[in-house]
Every structure is written in structure tokens, then in C-alpha cells.
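Chemist: Could you have a look at this structure, given as C-alpha cells, before my questions?
Read-outs: derived from the displayed coordinates by stated rules, not from any lab. All values derive from a computational prediction rather than experimental measurement. Every residue, glycine among them, receives a Cβ derived from its backbone with ideal geometry; neighbour counts consider all protein chains shown.
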Amino acid sequence: MNPVSPRTTPATSSGSVRSATRRDETRLGLVRRARRMNRTLKVAFPHVYCELDFTTPLELSVATILSAQCTDVRVNQVTPALFARYPDARAYAEADRTELEELIRSTGFYRNKANSIIGLGQALVSRFDGEVPGRLEDLVTLPGFGRKTANVVLGNAFGVPGITVDTHFGRLVRRWRWTEETDPVKVERAVGELIERKEWTDLSHRIIFHGRRVCHARKPACGVCILAKDCPSYGDGPVDKLAAAALVKGPETPHLLALAGIGDAVTE
């Protein structure tokens, strides 16, 4: 795969000039930049985690199925009652469809999700003694599972490194010119070639956190982004620090703004 061509940030007083294109980044240069950006993200987000609440691989599997086209916040509101009602795979396999659909209705696409969850329970009971398997090749055969869901479960429930390519992840790695691929499997492969395997799960969390908090789809907070010096898309969003600071979201906001040299007054 040929390395993509990033843009470097020009030295200007206003910081408002869009980055110029640098066409000479080698493959080694891309690897070094990607790993440097990962190290920088560790500073921005030193404590990353799966934002879906779970205590078992089965709970995470169900929560991840529910998270499709739904926020993690909403899923976490639904799952306590769901997990209490269906404590194991057999309970899902034998679930009353109408009752299950009502419990998960607020997550959207509830009929399709109910099909996947009931099918998941049945497959686990019939093929895996009611337990969620810990291998990618087994997980992707289960109803409701693709590589994304499988990697979420492997990385967070089993401690097996995996890259989770969700909407935020794909958008950011293309914005950073780590890859130009759009197919999630190809994105996963391309990023896996840049970053050490042991980093894959936490890298996924860091990128997703950054996409939710700072690097938004329509208006990224470029002016307060800790990755600005390495980002070829610097300037796609406001570069004025105060304007950018107003765009930052999430509980890490004070920490992120402090890294950008902005005091608490901005968040008050």
C-alpha cells in the first residue's frame, strides 16, 4: 500500500491558512508520524475504556449489538433491566420476542436487533455451550457479529488486541492520512500495519474518544487539538483557540484545554 500524502501546518501568525500539501512522506515517515500521534493521544486520554457498561463477554456482545445506530449513553440506560431479565445465553435463546423488543425499543432498529440477540443466544447454546468464544474466527460466525463487534468483544472482554473501526475511527484515520481506504476491513489492516499490535485496543479507544470530544465530523476543534502539528487536515475547523475550545465535549474537557494552554475560564 502506498503511503498517503499529508499536509504540514504552515507557520502563520493567525493559524488560519489551510495546511500545505507535503508529498514526500515515506512509508517510514508515515509509520513514525502515526506512532507519534498515538503517543500524543496517550497524553490527551491517559485513561481509556469501553464506554458500554458490561461485566461479562455476553453482556458486552449484546450491548455492542444494541449500539448500532445508537449512542452508548442510550444503550447504558437500557442494559441494566435487559441484563437482569436475561442473565445468560439460554435466556436470550428462549426470549419472548415481543418482550425483548419492548425492552430494547429505544435503541432503534429494535426488531433487527432482537433477531440478532435471540439468534446469538441460540448459536451460543447450540455451538459453544452457552459461552461467548474468545476467537475472532468463531465470533464472526455469530448472529449480529461482524469484525467490528468481534474486535470490541475480543479487546475489552478477553484482552486480545483488536482494532475497532467505527464511524469516528474511520473518519479520523482518513483525515490524518493514515490511509485512504473506506472499507472497514481494509482500514483495520492498514492501521494495523502502522501501530504495534499491543496498542490496538487502546488506540481504538483513544481515536474514538478524540473523535467524540475534539475532532468532530463537521467542525473539528483544530485550534485546541493536541495533534495539530502532526495533522495534515489542520485548519479544517476553527483554529482560533477560543472558538475551538467551545467545541470540545466530554469529561476530559478541562484536561484537554489545559494541554492547549487555555485556562478554566473558558469552560465556566
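For every residue, the table says whether it meets (1) within 25 Å of Arg206 (Cβ to Cβ); (2) acidic (Asp, Glu); (3) in contact with an Asp or Glu (Cβ under 8 Å, 6 or more places away or on another chain); (4) assigned to a loop (DSSP other than H, G, I, E, B).
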residue	(1), (2), (3), (4)
Glu102	no, yes, no, no
Lys113	no, no, no, no
Ser116	no, no, no, no
Gln122	no, no, no, no
Asp129	no, yes, no, yes
Gly134	yes, no, no, yes
Phe145	yes, no, no, yes
Thr149	yes, no, no, no
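Chemist: Can you tell which of Phe145, Phe169 is aromatic (Phe, Trp, Tyr), within 16 Å of Pro57 (Cα to Cα) and surrounded by 21 or more Cβ atoms within 10 Å (Cβ to Cβ)?
Modeler: Details: Phe169 fails: within 16 Å of Pro57 (Cα to Cα).
From the options Phe145, Phe169, the qualifying one is Phe145.
Chemist: Taking the options Thr179, Thr71, name whichever one is surrounded by 14 or more Cβ atoms within 10 Å (Cβ to Cβ) and polar (S, T, N, Q). Quick ask: steps written out before the conclusion?
Modeler: On the way: Thr71 fails: surrounded by 14 or more Cβ atoms within 10 Å (Cβ to Cβ).
Result: Thr179 is the single residue among Thr179, Thr71 that is surrounded by 14 or more Cβ atoms within 10 Å (Cβ to Cβ) and polar (S, T, N, Q).
Chemist: Hey, among the residues in segment 99-134 that are among the charged types (D, E, K, R) and closer than 19 Å to Phe54 by Cβ, which one's surrounded by the most Cβ atoms within 10 Å (Cβ to Cβ)? I'd like the intermediate steps shown before the answer.
Modeler: Kept after step one, since they are among the charged types (D, E, K, R), are these residues of segment 99-134: 99, 101-102, 105, 111, 113, 127, 129, 131.
With the extra rule that they be closer than 19 Å to Phe54 by Cβ, the set shrinks to 113, 131.
Working: Lys113: 23, Glu131: 13.
Residue satisfying both the conditions and the ranking: Lys113.
Chemist: Take Ile117 and tell me if it is over 18 Å from Leu58 (Cβ atoms) and aliphatic (A, V, I, L, M). Steps first, please.
Modeler: Numbers: over 18 Å from Leu58 (Cβ atoms): no; aliphatic (A, V, I, L, M): yes.
Judged against the criteria, Ile117 is not a match.
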